[in-house]
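Taking it in order: structure first as structure tokens, then the write-up.
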Amino acid sequence: MDPDNDWSDVLSGHPIFSLPEVFTGPSPRAEVSLELSSNTLPSFTQLDPTEDGPAPSGRRQVMVLKDADLIVAAGREIRMTSLGDAKLSRSTRKTYKTLHTPNIQFEIHQISLNPSGKLLAVAGAFQVAVIVLPRPGFARLVPDTIDCKSVQVGQFYHASNAAAPIAKIEWHPWGEAGSTLMVMTTDGKLREYDISVDTEEPQQVLAFIPEKKANSFLAADASEREVASFTLGKGRADWGPLTIYAVTKSGDVYAICPYMPQNASIPSSYIHSLECFISAKQEFLAQGTSAAAKNLSTLYDYQRKYVSALLKQLPPGTVFPAASRPILIHPPTTIKAPPARQGPFLLQPSPRTLEGSEGGDATDMSYLAFDPEDDGGEGDGGETEHLGVVMIAFQDGKVDVCLDVEKVEARWDVKATNRDLPMLAVYETIDLGLVSTLSEITASEEEPSPLDLLQANHPAFLTDPIHADAIYVYHAFGVHALNISPVLQSLAIALRTDDESGGMSLDSALQQSAGTTVQPILTTLSVERKCSNPVIGVAIPNDVYLTYSIFILTSAMRIISFPLSLRTEPARPPPTQVLPPAKDSAQISQKSYWLTPPEGPPAYVSLLQNNPYIPGPASSRPSGLPKLPQLSLPQSTKGTEFMLTPDTLRYLGTTGRELAAQCTDIRLAVKAADERVMLQQEELTRMASKCREMQTLVEQLKGPKREASEARFKNIQAEQKALLGRMDRLLQSLMERASPELSEHETKWFEELKRMKGEITGISKYDEGSLVARTRLLEREYARLMPALKELTEKEKRRKEKLAESTQGLGFSQAFEFGERSNLERLRIAEVEQQISDLAAKMDVALGRPPSAQ
């Protein structure tokens, strides 16, 4: 396929995006029901347990990618096709396969692919099911329908009329064999199902909303007891991966930690890192003596027990820092208390309210973590390597960006005297512009306000699989792209400045920090008809060999694609050069001396600036997305007559002004680029002229000048040799004139040295009177006598010990007799020591202190 062709042209007419049978069958449903308007608003907002409508949660995600295979849910059908065939143009007729799943008898609102890519979880308004996907190569099968095994999950909890609506489904990344499915219902119950063990009963149940006590009254808003979404925490050496966050419709954030699947496959390196993290915490708290430190010490004791139970499950030989590998781990049961629900989080400072909005329910949340290891090592972003960002979306188009500065730690539901609420630092509040866009649409007095359409809006997040700082928000009126890399860069600069200035300029740096880049890429709102086609699916392939684009699907089953751009990583500084050995230091210094430019003005000044040329923002598209959002309307509106209304005129005027401003920016950018090209051409001409001059000079140096220089160097070398010989002769003559013979003192000094050498080394080789021979004789005598003396010393020591033991019970006469015998032995030892000392004095050998004197 030609890379210039857009995927929208390839997939626009694909039959996989045809409407479900309910819109094309014998009694077709009106396609108007797919639109969000004032007439269809009740079907999007009113809850009907007997119908699988979009009302219960409003979350829609009916399109996912499995490598090069596209999976789309249309009504109650699951369709699959291969994008690789479309890219390589292997088939002229576009086809797809329908997965035959008789157990699924509900409208599919959400689909989620497990980490292994073999299971597909589907959810409607109230029911959940899991489908076993066909093996690769399904596209070569002849039948259009493929039988697939499917099973419903938790029918007792999710298939009854009294069941709570499904808020979100997600596979746990650490589930054993990728079979752990998490199902969150709006009543705050998170149920964990292990598909390989039991599909009916959950392995674990987490409650984010406590049960109401009997005969009690709680004055709380209903939105405070309805969960909108949940997400998993992230981290490397902390409790982040074992933390799960949930947000209620009122915007309250709760967390439960620790949480892991009943059958988890956890990297061994993470368990060792968590152990080091807790050990460091305990060592730090051991230095404090306050009451708060004691309370935290008790908490860390619980955490130590938890991690110790994890370490006991590691197989023998799994030591740190060995290569990490996934290990089957089960949640420890050493701590009987369940994990505590932490929250609600304090949002500091309080998020602002959008102008013209009465507020709205929270709809989704996402946790972003930034790790330098993902970028290939340590880089400039080391200051934010452990920073977590929590993003919360609301119905009115508000997105709160919060920094997870105080990481959640494991806590258990035990009696505690004081438990502070966790905190999230609100960095900024993003306005997607939905309120202002709907406010510009005029409505008559009989018609409802266009702002009422926000009641059916359900923004949801989708993280870019390649760039962690890019996230997309899709909602009922289009798609927005958010890039938080400016936030991370600003925080990194602020922290670096704070370290260098001692904490004096952190506040000022944060006041000047940049915000998240917001770019609308698609709008589905029809100003003329005052309706919209909500976005029901967004997918981004993680296979760059296929394509790096974003696929967007609307409720009218219209597919739109935008190519994305891969970012180029900045060049890293070269590694530090190892210094050569000391013997080559002179050559290195001489070489660097000649390569050092001389002082003064440079010999050549370039017309270009030192910094590289950066194109203007109008001509650069780092993300590859369009500057203005594309308008996507259903196919049915193309044949209708266009009506000119004040709203359409206003929309056309606004779009025209934006296009005119963009054209002006492009013209200025083109003019700047032309000037740069002319400057580079002039610089190229100057450099070519300079190169010709240098080439002429080099040719002259290689020709006659080189021969003359070589002859001159030879003459200089000959003259140098002659001068050195003359200098040697002159120096010798001066020395002979100054002192022709040795003086009397010098003669005596040399004779004394000769005599001392004879005394030390001897006149001949076998001179026994030399100091060397006498020293060797003394060493042999010393070696012969020392064992006997040591043995005698040991005997004397043992005798003294026995004497001390015996004298404790001896009488006066016996002690006197032993004392006389001891005096005699001491006299004998003194005589032997005196003999050895005399012998050493005769042989001029220095001995240490005798044993009796020590």
If the cut-off is 17 Å between C-alpha atoms, which lysines fall inside it for Lys66, apart from same-chain ones fewer than 8 positions away?
Lys87, Lys97, Lys118
Hey, with R₀ at 41 Å, roughly what FRET efficiency would Arg776 and Lys797 work out to, going by the Cβ-Cβ distance, to 0.05?
0.85
Reach of Lys714 by Cα under 24 Å, taken over lysines that are not fewer than 8 positions away in the same chain
Lys591, Lys702, Lys705
Kindly rank 103-110, 123-130 from highest to lowest mean number of other beta carbons found within 10 Å of each residue.
123-130, 103-110
For a footprinting-style exposure proxy, rank Met557, Met423 by other Cβ within 10 Å, fewest first.
Met423, Met557
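Apply the a/c threshold of 1.5 to the C-alpha gyration tensor of segment 219-272 and tell me whether it is rounded, prolate or oblate.
Details: a/c = 3.79, a/b = 2.83, b/c = 1.34.
Here segment 219-272 falls in the prolate category.
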Out of residues 5 or more away from Gly537 or on other chains, whose amide H comes under 5 Å of its own, with H placed 1.01 Å from N in the peptide plane?
Val62, Leu553
Please give the peptides 301-310, 133-142 ranked by average Cβ packing (other Cβ atoms within 10 Å per residue), highest first, as a rough proxy for protection.
301-310, 133-142
Magnitude of the Cβ-charge dipole (Lys and Arg +1, Asp and Glu -1) of segment 771-853 about the Cα centre, nearest 20 debye, reported as 260
At Ser279 and Lys336, where each label point lies 7 Å from the Cα along Cα→Cβ, what is the point-to-point distance in nanometres?
3.1
Considering the zone a paramagnetic label at Asp413 would reach in this model (a point 7 Å from Cα along the Cα-to-Cβ line), which residues of segment 167-202 have amide N under 15 Å from it?
188-191
Classify segment 771-853 as rounded, prolate or oblate from the Cα gyration tensor: take a ≥ b ≥ c as the square roots of its eigenvalues, call it rounded if a/c is under 1.5, otherwise prolate when a/b beats b/c and oblate if not.
prolate
Place a point 7 Å from the Cα of Asp767 in the direction of its beta carbon; the residues of segment 724-754 whose amide N falls under 17 Å from it are 750-754
Per the charge dipole of segment 771-853 (beta-carbon charges, Lys/Arg positive, Asp/Glu negative, Cα centre), the residue among Thr793, Ser813, Leu824 reaching farthest to the positive end is Thr793
Using a simple spin-label model with points 7 Å from Cα along the Cα→Cβ vector, what separation in nm is obtained for Glu707 and Thr645?
9.5
Eligible lysines near Lys336 by straight Cα distance, threshold 28 Å, same-chain separation 8 or greater
Lys189, Lys212, Lys213, Lys234, Lys281, Lys294, Lys305, Lys312, Lys407, Lys415
Quick calc: nm separation of the 7 Å Cα→Cβ label points for Asn823 and Lys312 -> 7.3
Per-residue Cβ contact counts at 10 Å, fewest first, order Arg706, Arg76 as Arg706, Arg76
Taking the highest mean first, how do the peptides 115-121, 143-149 order by number of other beta carbon atoms within 10 angstrom per residue?
115-121, 143-149
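All of the numbers you see were taken from the coordinates with simple rules; none came from a lab. Owing to the predicted nature of the structure, the values given are computational and were not obtained by experimental measurement. Cβ coordinates were reconstructed from backbone atoms using ideal geometry, including for glycine residues, and neighbour counts include every protein chain displayed.
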